[in-house]
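Notes for the one structure printed next.
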Amino acid sequence: MLARDYIGEEFRSLRLLRLFLPAHDHSDAPLRWSSLLPSGAGLEASADCNELWSSYLEEHPDAYPPDAPLGRLDRETAAVLREILGAHLGTDLLLNTRSWVGRSRPFTPQATTSNFYGQEYLHEDLCIEEIIFRGVRDQVPDFVEDPNHSFAWGTGLYPDSLVIAASPDLFRALHQDLRLEVVSIVPHRDVLPAPFEG
């Protein structure tokens, strides 16, 4: 599926990037996707971590398989997102979120849900701090949208990365921060592959 399909139509005029969530090595240290690439190769927006890992194993057959991120934020990525999103969106702004009901907290029959590609998602309004906290503790919400339409992210179940739409200033801040591993998305070409199985 095209990466842009994970972003709502009201955000389609914004530039897109893919934020790669680090896997973790046998000592639980974050492992960047780019560390699996051959020397001189660059990470692409349609990168499939399963394919990268298979290629890496051909050159390093004794390598220990990393643990997939499965939608969890490592502490550095969490801190950077908290810092950048808080500065651009404000810490008190409630963002519209959707989380797959199979992972969401218990909810009442009056709660709002919707479907996306055959899966049901629970709607909640959360501030950035709560979104980041959930990402570190368990898993980030699958969809996050700024009601002012300057930012959104979307992803698949048990994700290894986030598709992010952002206003120019926010896009630049995310793209230029060397603590994050991000690549610009070409909307008509780049896909979001199946999650990393690790």
Query raised in the report: So for the stretch 67-136, Kirkwood radius off the Cα pairs, Stokes-Einstein at 10 °C and 1.306 mPa s: how many µm² s⁻¹?
Result: 119
Report summary line: Counting Lys and Arg as +1 and Asp and Glu as -1 over every other residue whose Cβ sits under 9 Å from the Cβ of residue 193, the net charge comes to -3
Query - Separation in nanometres of the label points that stand 7 Å from Cα toward Cβ, at residue 119 and residue 191 - result: 1.7
Requested in this report: Please give the contour-minus-distance gain from residue 51 to residue 177: 0.36 nm per residue of separation, less the Cα-Cα distance, rounded to one decimal in nm.
Outcome: 42.8 nm
Query raised in the report: Could you give the alpha-carbon Rg of the stretch 2-98 over 2.2 N^0.38 Å, rounded to two decimals?
Result: 1.31
Query - Mean Kyte hydropathy of -0.5 or more with a Cα span along the axis of at least 15 Å, helices from DSSP in the chain - result: 75-89
Query - Distance between modelled label sites at residue 138 and residue 27, nm, 7 Å Cα→Cβ extension - result: 3.2
Query raised in the report: Tell me, what % of the accessible area of the stretch 120-161 is carbon and sulfur with a 1.4 angstrom probe?
Result: 49
**Report entry** Shape of the stretch 83-198, Cα gyration tensor, a/c cut at 1.5
**Finding:** oblate
Report summary line: Using alpha-carbon positions, the gyration tensor of the stretch 7-49 gives root eigenvalues a ≥ b ≥ c; with a/c under 1.5 called rounded, otherwise prolate if a/b exceeds b/c, else oblate, the class is oblate
Query raised in the report: Expressed as a whole number of Å, what is the distance separating the alpha-carbon centroids of the stretch 51-100 and the stretch 131-198?
Result: 9
Report summary line: Volume per residue (Å³) of the convex hull spanned by the alpha carbons of the stretch 154-198 is 93
Query - Local electrostatic count, residue 183, Cβ distance below 10 Å [Lys/Arg +1, Asp/Glu -1] - result: -2
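The values are calculated or read from the model by the stated rules, or taken from the named source; none is laboratory data. In this text, all values refer to a predicted model and were calculated from it rather than measured experimentally. Quick reminder, even Gly has a Cβ in these numbers, built from the backbone with ideal geometry, and neighbours come from all protein chains shown. In case anyone asks, the SASA skips ligands and DNA or RNA and just uses the protein heavy atoms, side chains included. Shrake-Rupley method; radii C 1.70, N 1.55, O 1.52, S 1.80 Å.
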